[in-house]
Structures are given as C-alpha cells and as structure tokens.
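Since the structure comes first, as structure tokens, the remarks are kept for the end.
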Amino acid sequence: MPCSRLSLFYFAYGLSDAVFPQALRIVIPAWSNEFCSLTKSTAALSLIGIKDLTAVGATIVGQLYVVLPTWMLIALIYLVWVTAIAKISDVIYEKKKSPTLEISAIT
C-alpha cells in the first residue's frame, strides 16, 4: 500500500487490489452471520417492514387448524433460506480470501 501512494491512480489501484479484498475477507463471515441471525429474528424483520413468515404461519394455523404441517413447512423455508445464504457467503469468502493471509489456528 505505501508504494501505491505515489499517485492517485496507483492509490486507487492499491485500494481495489490490496485493501478491499482483505477487508472483505475479514467482514464477510460477520455479515453472513448477522444476516442469518436477522432472518431468524422475526421480531426484527417485522420492524423493518417485511411480513415475517412466523406471523403468516400463525394466521394459517388460526384459519385452517393445520398445525404441524404448517410449522414444518415454515421451518423448512427458514432452513433452506439460511442454508442458501450461508453457502453463498462461503462461496464469496472462498473467492475473496488470500492464501498468503490466512490465520492459522494455534493448537
């Protein structure tokens, strides 16, 4: 990064080539965990304005009296949604990670 400070062009190139991939490598796991947690937290989703799946399930159970299949379907939808988001974030993380900057676990 110090070498890229010679001119504005090289500075922008250094940011896009060195700093941003490292920053993404660090924040992608945290962002994906936060997104999965927000998806599971239906109270927070209803505050943002998204019609949450649990409220729809409660409405269906109240109208049709079909309890177990309704909640099983809602659990399956949540499972598929969170698993898909986790897999997508894993693919992005693997694409952006640098093999030279990996932190090895000390055992």
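Worth pointing out:
- Selection count, region 18-34, where residues are within 8 Å of the chain's Cα centre (by Cα) and among the aliphatic types (A, V, I, L, M): 2
Residues are listed down the side, and each one gets a yes or a no for (1) at pLDDT below 80; (2) among the aromatic types (Phe, Trp, Tyr):
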residue	(1), (2)
Phe11	yes, yes
Ala18	yes, no
Ala23	yes, no
Lys51	yes, no
Gln63	no, no
Thr70	no, no
Ile74	no, no
Ala84	no, no
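The values are calculated or read from the model by the stated rules, or taken from the named source; none is laboratory data. Source: prediction; values computed, not measured.
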